[in-house]
Structure formats: C-alpha cells, structure tokens
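The structure appears right after this line, and notes come after that.
The values are calculated or read from the model by the stated rules, or taken from the named source; none is laboratory data. Bear in mind the structure is a predicted one, so any value in this text is a computation, not a measurement. Using ideal geometry, Cβ is built from the backbone for each residue, glycine included, and neighbour counts are taken over all protein chains shown.
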C-alpha cells in the first residue's frame, strides 16, 4: 500500500524560546531530516511550515500561519493524492521505520499511544480525514477531529513518542 506523509513543522516553539524545531540538530542532521528518513518509502512527502531546501519535498503552509496543527493538517492534506497518509510532528526523535510499519499494519486509521494518545503520530485514510475536517480548521483542536475517525491505538515502545517541547527535552535530545 503506497502512502503519503504530512510532517507538521509550523509550531511556534514558544516553550523553547521560538526555536525552529525542524532545524534542531539531531544525530547527523536535523529533526526534520530524521522524521523524513523514517518515511523514506512514502510516495509523497508534504512538509507544512516555512520552506527549506530539501529535495523531493512538497511544501504547504497553514492558513493563517500559526493557525495550529489542524490548520496545518488541512494545508498538507490539500497536497496529498495518495489514499493513505502518515501524519507526524517534526519534534519526534523517537520515531523509527518500525513505528510507521506498526501504524500501517492495521490497515485502518491508527494512532500511537503511550501514556496518552499521540494525535500527531498517526496513519489515516486521506478521504476520511478530508471529510472530518471542519471548513475553518484554524485554532481548533486536532484531537476532536481525529477522534471522530475512531482510530486503532497502537502501543508505543519506550521513548518512541517522546517529543521536544522544552529546554529539558532539548538537553535530553542532545545527550541521548
């Protein structure tokens, strides 16, 4: 089954002092390059946020910029032509190719779950996503829209769902 990926990078990074999370160093590249590497088999790669020089990526921007993850999802989905789409946040250093394979395995809408549902680590039917999106998605909660699609919850492995939101998270990222 071919699929697309939407990587949401448009967050303000307020708890990190306005840092561009997509450009944060991780391993031998950036967080954005890491997330794209775990979906290198995706037929389409759509990144929502400020454009960077990355080959093979389609770019989109939420309307208005800073309009939240649901607006970002809507903008990215407008570029997707595949039937299935992985939706990921850029600040997920624990993601692996196995994460994506496990989300794809049920063959239906799925989200990762550790101690809570990780709405920005999921695999979705694009048509169902489009149908569920509100007409004006800016500043509306992503969870409320995705919950309507009754996704299967896939258990996260240790560290798989960690994200980078605070200076402590950034320190952990660079020390681990």
Margin query: Looking at 108, 27, can you tell me which residue is surrounded by fewer than 21 Cβ atoms within 10 Å (Cβ to Cβ), modelled with pLDDT under 95 and farther than 18 Å from residue 137 by Cα?
Written below: 27
Checklist line | Among residues of segment 144-161, those that are over 21 Å from residue 130 (Cα atoms) and either buried (at least 19 other Cβ atoms within 10 Å of the Cβ) or touching a strand residue (DSSP E or B) at 6+ places or on another chain (Cβ under 9 Å) (or both), counted | finding: 5
Next item on the list: Tell me which residues, restricted to segment 42-56, are in contact (Cβ under 8 Å) with a residue 40 or more places away in the chain and farther than 11 Å from residue 85 by Cβ.
Entry: 47, 48, 49, 50
Item checked: Sole residue being touching a helix residue (DSSP H, G or I) at 6+ places or on another chain (Cβ under 9 Å) and surrounded by fewer than 21 Cβ atoms within 10 Å (Cβ to Cβ), chosen from 62, 82 -> 82
Note to self: Tell me yes or no: at least one residue of segment 9-16 is at pLDDT below 95, surrounded by fewer than 19 Cβ atoms within 10 Å (Cβ to Cβ), on the phi < 0 side of the Ramachandran plot and under 16 Å from the mean Cα position of the chain (by Cα).
What the structure shows: yes
Next item on the list: From (1) surrounded by 12 or more Cβ atoms within 10 Å (Cβ to Cβ); (2) closer than 25 Å to residue 23 by Cα; (3) modelled with pLDDT of 95 or more, pick out the condition that doesn't hold for residue 98.
Entry: (1)
Check: Do we have residue 70 as buried (at least 21 other Cβ atoms within 10 Å of the Cβ) and at pLDDT 95 or above here?
Finding: yes
Notebook entry, point to check: When segment 61-78 is examined, which residues are found to be in a helix (DSSP H, G or I) and under 14 Å from residue 134 (Cβ atoms)?
Noted result: 69, 70, 71, 72, 73, 74, 75, 77
